[in-house]
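Structure first, then comments.
The values are calculated or read from the model by the stated rules, or taken from the named source; none is laboratory data. This one's a predicted model, so the numbers in the text were calculated from it and none came from an experiment. Note: ideal-geometry Cβ built from the backbone for every residue, glycine included; neighbour counts use all protein chains shown. Accessible surface areas use protein heavy atoms only, side chains included; no ligands, DNA or RNA. Shrake-Rupley method; radii C 1.70, N 1.55, O 1.52, S 1.80 Å.
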Amino acid sequence: MFSKIIKLSLLIIIILGIYVTVPLFGDRYIPTHDGEYHIIRIVEFSKMLSQGILFPRWAPDMNSGYGIPIFNYHYPLPNYIGSLVRVFTRDAVYAFQMSMGLGYVALAAAMYLWLSMLFGIVPALVGATVSAYVPYVFVDIYVRGSMGEIWATAFLLMVLYSIEKKRFFWMAIVYGLLILSHNILAMLYTPFILIYCLIQNKKVIPWMLGGLGISAFFWLPALFESKYVVGLNIVNFREHFAQAYELFVPSWGTEFSGTGRLGNTMSVQIGIAPIVAILGALWMSRKQKNVKKKQLFVFFLTIFAVSVIFMLPISESLWNIIKPLQLIQYPWRLLSFVIPIAGFCTAYWVSLMRKPWWGIILAFLAVVFAASYARPVQYAPRNEAYY
């Protein structure tokens, strides 16, 4: 009976995930910032795979037919996934959009599984719903078209679930897949995972080396050969800070970020539901008797506070001093942390309630507030021959 309830709850989360990704599985073209680049990379990556090259490094048709070693530095896993989906769709445009939709459903499902290990079925269901409807998720999908970031966050949650299940071998594998999903988020999420392990289970830390080993075919050449190329980071982070009102006041836009006269025209909001969840969890934390869960809450709250500070212009001097921070490129990219934080804080809050109705209402409001963000502009159908 218990396993049936878990499966039913997981099905509900998957359905909620599919609901907001319906446009990705249709035949209409959805314009995004990075979408066309991903489409072209999937075509080039597929071509190399079809020639028996299992670890592509070269994009032969780019650079006016001279080729460039883009796959030596560009995270490969989304291209593997896109190439696999392209086998069935026979078109890279649909393969890109469907791959991103699959990544989102995987993210929502992994969030539920992780939270269910910590808090039980109802808090996990509510937490996963709020997390899946964090506005920045839809910025990644329908504005930026960042397939790599969606899959990287999904694998982060799989890592956390594997830690709670004490499946250390699988933890090493999904951590390796996280590294292969997105260079920058792997850099951000690695210390996050390390501290999580220190709180929950120190025995898992050596297994992180396994994930590094699995992904070494990518990051080792990228690290040691980066000195032979230029242009790997052309973004000026100073132009992409968020203003405080942009983080806390709901907004939506499909253009680019920037700190010029008009500020960001791309939404960098945290979201109403995540903010309410964090405040609610903070209020109820006084009732928490479990030391480890309280430590986890303090950890997540600290990550949230630090992320907010480093997204604001007041932190520019720290960005100048701590050079590795500049590899993040966009300070608002730290909104990626809001996804697991919102899920955890919601489930934490609901688990401390006598009756979970307020949590269920919050999940409903999260869906209502953010569902409109999942209705993107759609163009006429466009296949890969267009490019």
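Electrostatic tally near Ile199: other residues with Cβ closer than 14 Å to its Cβ, Lys and Arg +1, Asp and Glu -1, net +4.
Size descriptor for the range 122-168, Kirkwood hydrodynamic radius: 11.9 Å (Cα pairs only, one decimal). Rounded to the nearest whole Hz, the Karplus-based 3J(HN,Hα) values (6.51 cos²θ - 1.76 cosθ + 1.60, θ = phi - 60°) of the range 332-341 follow the sequence 5, 5, 5, 4, 4, 5, 4, 4, x, 5, with x at glycine and proline. The order of Asp140, Asp61 by accessible area, most exposed first and with a 1.4 Å probe, is Asp61, Asp140. Can you tell me what percent of all Cα-Cα pairs in the chain are more than 40 Å apart? Beyond 40 Å sits 11 percent of the P(r) for the chain. Highest mean packing first, where packing is the average number of other Cβ atoms within 10 Å per residue, the peptides 102-110, 352-360 line up as 102-110, 352-360. Under Stokes-Einstein, with the Kirkwood radius over Cα pairs as Rh, the value for the range 118-219 at 20 °C and 1.002 mPa s is 150 µm²/s.
Based on the alpha carbons, how large is the Rg to Rh ratio for the range 281-339 when Rh follows Kirkwood? Ratio value, two decimals: 1.11. The C-alpha atoms of the range 304-387 occupy a region whose extents along the principal axes are 50, 47, 18 Å, arranged from largest to smallest. For the chain, the longest principal axis of the Cα atoms and the long axis of helix 35-50 meet at an angle of about 60 degrees.
Against the main long axis of the alpha-carbon atoms of the chain, helix 168-181 sits at an angle near 50°. Here is how the number arises for the chain: DSSP H runs of 4 or more residues each give -39500 (n - 2.57), the sum is divided by the residue count, and the result at 222 nm is -19500 deg cm²/dmol.
Does the range 240-387 come out rounded, prolate or oblate by the C-alpha gyration tensor, with a ≥ b ≥ c the root eigenvalues, rounded set by a/c under 1.5 and, if not, prolate when a/b is larger than b/c and oblate if not? Verdict is oblate for the range 240-387. Counting only alpha carbon atoms, the long axis of helix 357-370 and the longest principal axis of the chain meet at about 30°.
Taking other residues whose beta carbon is less than 11 angstrom from the beta carbon of Leu107, and scoring Lys, Arg as +1 and Asp, Glu as -1, yields -2. Bridging of Lys203 to lysines at a Cα separation below 20 Å is possible for Lys165, Lys166, Lys292, Lys293, once same-chain residues fewer than 8 apart are set aside. Among Val308, Val85, Val229, the residue with the largest mean-square fluctuation in a Gaussian network model of the chain, with springs joining Cα atoms closer than 10 Å, is Val229. Largest GNM mean-square fluctuation among Glu255, Glu44, Glu225, using the chain with Cα springs under 10 Å: Glu225.
Our summary gives the range 155-268 a relative contact order of 19 percent, counting only alpha carbon pairs under 8 angstrom and 6 or more residues apart. Note: relative contact order over the chain, using C-alpha pairs below 8 Å and six or more positions apart, is 23 percent.
The phi torsions of the range 141-155, fed into the Karplus equation with coefficients 6.51, -1.76 and 1.60 and a -60° offset, translate into couplings of 7, 9, 10, 7, x, 8, 4, x, 5, 5, 5, 4, 5, 4, 6 Hz, rounded to whole numbers, with Gly and Pro shown as x. Rounded to two decimals, the Cα radius of gyration of the range 1-145 over 2.2 N^0.38 Å is 1.22.
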